[in-house]
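Any read-out appearing in this document is the output of simple, stated calculations on the displayed coordinates, not a laboratory observation. All of these numbers come straight from a predicted model, not from anything done at the bench. Counting neighbours? That spans all protein chains shown, and the Cβs are built from the backbone with ideal geometry, glycine included.
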Amino acid sequence: MSSSKLSLVQKFLPAVIKDLPSIGMVVEYYVQDPRTEKMVRKHIKLTRLMKRYPQKRQRILAAQQIADSLNAKLRGGWSPLHETEDVRLYTSLSDLQARFLSAKKSEGCRPTTLTQYKSVTDLWLRWCEDNGMADRYSGTYLRSHAVRYVDAVLEQGHRHRSYNNTLKVMKAFFQWAVEHCYAKENPFVGMKLLKKEPKIRILVPPEARQKIAAHYAQLRPAMNIVCQLVYSSAIRPAEIAKIQLKHIHLDRHYIVIPGENAKNHKERYATLTPSLVGLLSPVLAKYKNLDFYLFGKNENLDPGAVPVNKQYFQKSWDRMRKATGLPKEMQLYSLRDTGLTDLLHAGVDQLTVQHHADHSSLAIQNIYTDHFDSGLNKKIYENAPEF
C-alpha cells in the first residue's frame, strides 16, 4: 500500500450505511483525533430523512449518496473535529513557522533576533521530519514531543548556553502560537533552563597584548584597531562590525553606538582613548563617505559600503592565537574583560566602569571581571606582609 493511501487509512475509515436497532438507519464512519491519534466513531442519523421515502430502495439510495459525499470530503482532508475547534489548530508545523517569522518581522523584530528564531526553528522542524512528525498539526504537538526534542538537543552535546537559547526560542514560538489560536497550550512551558556554565575566558596580560599587536602590525593592521576598540572602548565585536564613519567623533573622543546596533538596544557613547584617536584620524581623513562602514568587506578591512561579517574578527583572532601560541581560553572577547579589569585596578570607580561597559548592573559586571589574573597573583606574592 502506498504511503498516501496508508495515511488516509490511518486518518479515517470510510462511511458505511448501518441499520442499528437502537437508533435506526445511520451513516457510520471513523476519524482520527489528531491529539490522541485514536479513531473516533461518528454517526449521522437518518431517521427523519427516511420518512421522506416510502420505498426501502429509495431510502438506501439516498443514504448511499450521503455516504459517498461524506467519503469524498474525508478523502479531501475534511474532519468533523475541525468544525468544533478553531481551524488554526490544524496548521502544519512548517506553515506555523512561516507565519510566526512573518508576524515577528511585521512587528519590527531585530534582524539578528529573526535570524536566531529561524535558525532554531529550522533545526526543530528538521528533527520533527526525521522523527515522523512532518504531517503533525500545530494544535497536536504535545508535551511528550517537546520533551523528546529537548532531550535530543542535550544528547547532541550542546553547551548550556546553546540549549538555553533553544529552549527560550521554542517557548516564545509556542507562546505566540497559543496567543494566536494555533495551539491550545505551550508544550515547552515549565521546562527549566540549565545553570549557566562559568566563562572559560582568561585575561590578556600586557606581554600577550604586545604579541598580538606585533602579529597584526605585519599581517592585518586593521585588526589592531579592532582589538583596541574591544579593550579600550569596551565595544563588542558584533557592534564594531556595524560602526559607520558617521558614528565616529574624534573631536569629542567617542563613538556613537546606535540602539539598533547595541546588544542592550540602548544608544551609548563609547569613549575613545588618545591611542585610538591617533589610529582613526588618518582613516577619516582618507575616506569622506561617512556612510561607509569602518571595516568593510574586503581583503584589508578598509572602509566600505558593505560591512565585514562579525565572524571574520573571531576567525582572524583564532588564526593569530595559534600563530603566536596563546592559549585557547584567551579569546577576542577576553580583551574587553581585561580592559574593564584594568580600569578597576587603575582606580576607576565601579559605577563608571559599569556605564563604560554598558552593563545593566554591578552584578552583571562582576561576571565579566571575575577572571583569573596572573599579574594580581604575582603582585600579592611579592608584596604580601609577613604573618
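May I ask you to list the chymotrypsin sites (Phe, Trp or Tyr not before Pro) in region 36-136 that are in a DSSP loop and have at most 16 other Cβ atoms within 10 Å of their Cβ?
Numbers: sites: Trp78, Tyr90, Phe100, Tyr117, Trp124, Trp127; in loops: Trp78.
Sparse-neighbourhood loop chymotrypsin sites (Phe, Trp or Tyr not before Pro): Trp78.
Under 5 Å between amide hydrogens, built in the peptide plane, is the criterion, and for Leu13 it picks out Tyr30, Val31 among residues at least 5 positions away or on other chains. Please tell me which of these pairs span more than 29 angstrom C-alpha to C-alpha: Lys246/Lys310; Lys42/Lys118; Lys192/Lys328; Lys105/Lys171? Checking Cα-Cα distances, Lys42/Lys118; Lys192/Lys328 exceed 29 Å. For Lys297, the residues whose modelled amide H falls within less than 5 Å of its own, excluding neighbours fewer than 5 places apart on the same chain, are Val306, Val308. With each label modelled as a point 7 angstrom along the Cα→C-beta vector, the Asp135-Asn289 pair spans 5.4 nm. FRET efficiency for the pair His160 and Leu114, taken as 1/(1 + (r/R0)^6) with r the Cβ-Cβ distance and R0 = 25 Å, rounds to 0.55. For region 123-131, putting each phi into the Karplus relation 6.51 cos²θ - 1.76 cosθ + 1.60 with θ = phi - 60° gives couplings of 4, 5, 4, 4, 5, 4, 5, 5, 10 Hz, in residue order, rounded to whole numbers and with x for Gly and Pro.
Mean-square fluctuations from a GNM of the chain, with a 10 angstrom spring cutoff on Cα atoms, peak among Leu351, Leu343, Leu49 at Leu49. In this structure, Val348 and Ser281 have a Cβ-Cβ separation that, at R0 = 25 Å, corresponds to a calculated FRET efficiency of about 0.50. Note on the chain: with a GNM built from Cα contacts shorter than 10 Å, the maximum mean-square fluctuation among Asp68, Asp151, Asp122 falls on Asp68.
Please tell me the relative contact order of the chain in percent, rounded to the nearest whole number, where contacts are Cα pairs under 8 Å and at least six residues apart. Across the chain, relative contact order equals 11 percent. Rounded to the nearest whole Hz, the Karplus-based 3J(HN,Hα) values (6.51 cos²θ - 1.76 cosθ + 1.60, θ = phi - 60°) of region 140-154 follow the sequence 10, 7, 9, 4, 4, 5, 5, 5, 4, 5, 5, 5, 5, 4, 5, with x at glycine and proline.
Available extension along the chain between Arg75 and Leu142 is 21.6 nm, counting 0.36 nm per residue and deducting the alpha carbon span.
Between region 271-319 and region 155-176, what is the C-alpha centre distance in whole Å? So the two Cα centres are separated by 34 Å.
With Rg/Rh (Cα atoms, Kirkwood Rh) in mind, check (i) 0.97; (ii) 1.21; (iii) 1.06 and report the label derived from this structure. Correct label, based on the coordinates given: (ii).
Computed from phi, the 3J(HN,Hα) profile of region 285-293 under the Karplus parametrisation 6.51, -1.76, 1.60 (θ = phi - 60°) reads 6, 7, 10, 9, 7, 6, 7, 5, 7 Hz, with x in place of Gly and Pro.
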